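K.L.:
Sending over a structure as structure tokens; questions will come in a sec.
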Amino acid sequence: MSEVRFDGRVAIVTGAGNGLGRSHALSFAARGAKVVVNDLGGSTFGEGADKSAADLVVDEIRSAGGEAVANYDSVTDGANIVQTALDAFGRVDIVVNNAGILRDVSFHKMVEADWDLVYEVHVKGAFAVTHAAWPLLREQQYGRVIFTASAAGIYGNFGQVNYAMAKLGQHGMSQALAQEGRKRNILVNTIAPMAGSRMTETVLPPEIVEQLKPRYVTPLVLKLCDEKSDEWGGLYEVGAGWFGKLRWERAQGVGLPLGKGISPEDVNAAWDKITDFTDATHPRSVNQGMMALMGNLQNI
Ligand code: NAI
């Protein structure tokens, strides 16, 4: 199996001053990529700014003989981040949307600012960076884009309504974008990581935080950004060195006869079949999903 290398490639990693982003940035650089280390340097709560977060990672990359430049903009200023890549390295090949914050609070106590800020950083920020890079990727007919979701978005999690929305929002964005990019060899995928970081140190015991190294997640990001990769539109759970792909699953379902009209009681009577995952199907597109529905139009 050939070595995964990024020589000549330029990678933007957002939120690369800490945790997972730092690990991704160091690894891309160690394998030949020129890296834009973006980090606003704020708190996990989304407050403040500090250039040292990005600077320290740039220093680390340079001391190891790699090439990197810092960018301190918020991801919501995506165009500035892409401009930093163009000014320093003249191109962009890889975008890793990783920056993130938390505003955990149960829904009844959530204020609008908790919702808005989490949306701004995760969804609008990932949009802004990717949207600014997209014309370049299209033009050169090459790109690799990673979005960062979360198990909290996939499964839901108490006190994380805003975060779950934002994280699955990134996956929704990624699934549609993967279809738009594929023909031009722009491959888009999503990871749902688990790692010890300042973000998880408030919810996980210290010994688990210590064990869950971000570097156990990063190899998947590099694999998906490899120029030899042909994976697109995927969602992967990854952490502690464990890797697994997820997909949608749909019950065989039931088509009720249309002739007499359908009552809630008819739906009740069919409930076992509607919710039975025996022989479940795994549609991969809107068209595949619609086939069963359209087929029932003949069921008069
Ligand atoms: P972290 O807090 O260690 O790193 C996040 C970085 O993003 C920080 O350096 C922060 O300054 C930066 N950042 C925050 N807002 C920014 C903005 N507006 N613009 C630019 N940079 C900004 O967190 P961690 O754990 O490394 O998380 C990385 C990503 O992985 C996040 O998107 C997070 O939601 C996601 N994630 C992490 C999990 C974990 O177990 N650590 C679990 C699921 C998802």
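K.L.:
Tell me, please, whether a residue that is within 11 Å of the ligand (Cβ to nearest atom) and either of a type in the set (S, T, N, Q) or more than 25 Å from Asp230 (Cβ to Cβ) (or both) can be found in region 82-91.
P.N.:
Looking only at region 82-91, we keep the residues that are within 11 Å of the ligand (Cβ to nearest atom), and these are none.
Within region 82-91, none of the residues are within 11 Å of the ligand (Cβ to nearest atom) and either of a type in the set (S, T, N, Q) or more than 25 Å from Asp230 (Cβ to Cβ) (or both).
K.L.:
Take region 28-53 and flag every residue that is under 18 Å from Thr218 (Cα atoms) and either surrounded by 22 or more Cβ atoms within 10 Å (Cβ to Cβ) or touching a His at 6+ places or on another chain (Cβ under 6 Å) (or both).
P.N.:
Phe28, Ala29, Ala33, Lys34, Val35, Val36, Val37, Asn38, Asp39 - these are the residues of region 28-53 that are under 18 Å from Thr218 (Cα atoms) and either surrounded by 22 or more Cβ atoms within 10 Å (Cβ to Cβ) or touching a His at 6+ places or on another chain (Cβ under 6 Å) (or both).
K.L.:
Check region 59-66 and report whether any residue there is within 13 Å of the ligand (Cβ to nearest atom), touching a residue at least 24 places away in the same chain (Cβ under 8 Å) and open to solvent by less than 40 Å² (accessible area, probe 1.4 Å).
P.N.:
Checked region 59-66: no residue is within 13 Å of the ligand (Cβ to nearest atom), touching a residue at least 24 places away in the same chain (Cβ under 8 Å) and open to solvent by less than 40 Å² (accessible area, probe 1.4 Å).
K.L.:
Going by the structure shown, is Ile101 touching a residue at least 12 places away in the same chain (Cβ under 8 Å), within 16 Å of the ligand (Cβ to nearest atom) and touching a Phe, Trp or Tyr at 6+ places or on another chain (Cβ under 7 Å)? Explain how you work it out, then say what you get.
P.N.:
Numbers: touching a residue at least 12 places away in the same chain (Cβ under 8 Å): yes; within 16 Å of the ligand (Cβ to nearest atom): yes; touching a Phe, Trp or Tyr at 6+ places or on another chain (Cβ under 7 Å): yes.
Here the answer is yes, as Ile101 does meet what is asked.
K.L.:
Taking the condition touching a residue at least 40 places away in the same chain (Cβ under 8 Å) and among the basic types (Lys, Arg), does Lys273 pass? If you could, list the steps in order and put the result at the bottom.
P.N.:
Values: touching a residue at least 40 places away in the same chain (Cβ under 8 Å): no; among the basic types (Lys, Arg): yes.
In short, no.
K.L.:
Okay, next question. Kindly indicate whether Ala270 is small (Gly, Ala, Ser) and touching a Leu at 6+ places or on another chain (Cβ under 7 Å).
P.N.:
Yes; evaluated as a whole, the condition is true for this residue.
K.L.:
Ala113: more than 26 Å from His171 (Cα to Cα) and either within 14 Å of the ligand (Cβ to nearest atom) or open to solvent by 50 Å² or more (accessible area, probe 1.4 Å) (or both), yes or no? Even if it seems obvious, please write down each step before you answer.
P.N.:
Details: more than 26 Å from His171 (Cα to Cα): no; either within 14 Å of the ligand (Cβ to nearest atom) or open to solvent by 50 Å² or more (accessible area, probe 1.4 Å) (or both): yes.
Spelling it out, it is not the case that Ala113 is more than 26 Å from His171 (Cα to Cα) and either within 14 Å of the ligand (Cβ to nearest atom) or open to solvent by 50 Å² or more (accessible area, probe 1.4 Å) (or both).
The rows are residues; the columns are (1) in the same structural domain as Asn97 (by TED's automatic domain parsing); (2) touching a Cys at 6+ places or on another chain (Cβ under 6 Å); (3) open to solvent by 20 Å² or more (accessible area, probe 1.4 Å).
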site	(1), (2), (3)
Arg144	yes, yes, no
Tyr155	yes, no, yes
Val161	yes, no, yes
Ala176	yes, no, yes
Val188	yes, no, no
Thr202	yes, no, yes
Val209	yes, no, yes
Val217	yes, no, no
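K.L.:
Please specify each residue of region 135-157 satisfying the condition of being more than 15 Å from the ligand (Cβ to nearest atom) and in contact (Cβ under 8 Å) with a residue 12 or more places away in the chain.
P.N.:
Leu136, Leu137, Arg138, Gln140, Gln141, Tyr142, Gly143, Arg144, listed by residue number.
K.L.:
Would you say Gly8 is more than 10 Å from the ligand (Cβ to nearest atom) and without any contact (Cβ under 8 Å) to a residue 40 or more places away in the chain?
P.N.:
So Gly8 fits the description; yes.
K.L.:
If you don't mind, there's one more thing I want to ask. Of the residues Glu265, Glu227, Glu231, which is without any contact (Cβ under 8 Å) to a residue 40 or more places away in the chain and open to solvent by 40 Å² or more (accessible area, probe 1.4 Å)?
P.N.:
The unique qualifying residue is Glu265.
K.L.:
Do we have any residue at all in region 27-38 that's under 19 Å from Gly100 (Cβ atoms), touching a residue at least 24 places away in the same chain (Cβ under 8 Å), within 11 Å of the ligand (Cβ to nearest atom) and not in a strand (DSSP E or B)?
P.N.:
No - not one qualifying residue is present in region 27-38.
K.L.:
Restricting to region 125-142, and then to whatever is surrounded by fewer than 18 Cβ atoms within 10 Å (Cβ to Cβ) and touching a Gly at 6+ places or on another chain (Cβ under 9 Å), can you tell me which residue is nearest to Asn97 (Cα to Cα)?
P.N.:
Looking at residues that are surrounded by fewer than 18 Cβ atoms within 10 Å (Cβ to Cβ) and touching a Gly at 6+ places or on another chain (Cβ under 9 Å), I get His131.
K.L.:
Mind checking which residues of region 2-27 are open to solvent by 40 Å² or more (accessible area, probe 1.4 Å) and on the phi > 0 side of the Ramachandran plot?
P.N.:
Within region 2-27, Gly8 is the sole residue that qualifies.
K.L.:
Right, something else. Regarding Val105, is this residue touching a strand residue (DSSP E or B) at 6+ places or on another chain (Cβ under 9 Å), in the same structural domain as Asp226 (by TED's automatic domain parsing) and either small (Gly, Ala, Ser) or open to solvent by less than 40 Å² (accessible area, probe 1.4 Å) (or both)?
P.N.:
So Val105 fails the test.
The values are calculated or read from the model by the stated rules, or taken from the named source; none is laboratory data. Keep in mind that what you see is a predicted model, and the values were worked out from it rather than measured. Because the Cβ atoms are built from the backbone with ideal geometry, glycine has one as well, and the counts that use them run over all protein chains shown. Just so you know, the surface numbers come from the protein's heavy atoms only, side chains and all, with ligands and any DNA or RNA stripped out. Shrake-Rupley method; radii C 1.70, N 1.55, O 1.52, S 1.80 Å.
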